[in-house]
1. Evaluate E = 1/(1 + (r/R0)^6) for Leu57 and His19, where r is the Cβ-Cβ distance and R0 equals 30 Å; express this FRET efficiency to the nearest 0.05.
2. Non-local amide H neighbours of Asn59 (under 5 Å, H modeled in plane, Pro and chain starts lacking H): which ones?
3. Once the Cβ-Cβ distance between Asp41 and Ser69 is put in as r, and R0 is 22 Å, what FRET efficiency do you end up with, to the nearest 0.05?
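Just so it is clear, none of the values below were taken in a lab; they were calculated from the coordinates. Since the structure is predicted, the reported quantities are computational estimates derived from the model, not experimental observations. Glycine gets a Cβ as well: all are built from the backbone with ideal geometry, and neighbour counts include every protein chain shown.
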Amino acid sequence: SGSKRKSSGDVAGTVKKGHAITMETKVKVIKRVERGKKMLDIAHSYNMNHSIVVTNLQNKDKIMEHVKS
C-alpha cells in the first residue's frame, strides 16, 4: 500500500471522504479555476480529489443556475 498524506486538521471548507461539498464551496472552486488557478492546487487547498474539481467544472452551468435561484 502507498503512503498516506497527513491531514492538516479541520480547516473550514475542506472536504473529507464521503462528505458532501456545499454549493458555496463549488462556486468558490469554479471561480478560482476561472481566475487561472491550477486545478490540482485548488483541490489540495480544499482537501479534495482533483476529479471533484473537474466534475464541478463540467456541471458549472447547473451549479451557477442553482445559486441564482
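1. Working: r = 20 Å, r/R0 = 0.66.
So the FRET efficiency works out to roughly 0.90.
2. For Asn59, whose amide H was placed from the backbone, there are no distant partners under 5 Å.
3. The value I calculate is 0.15.
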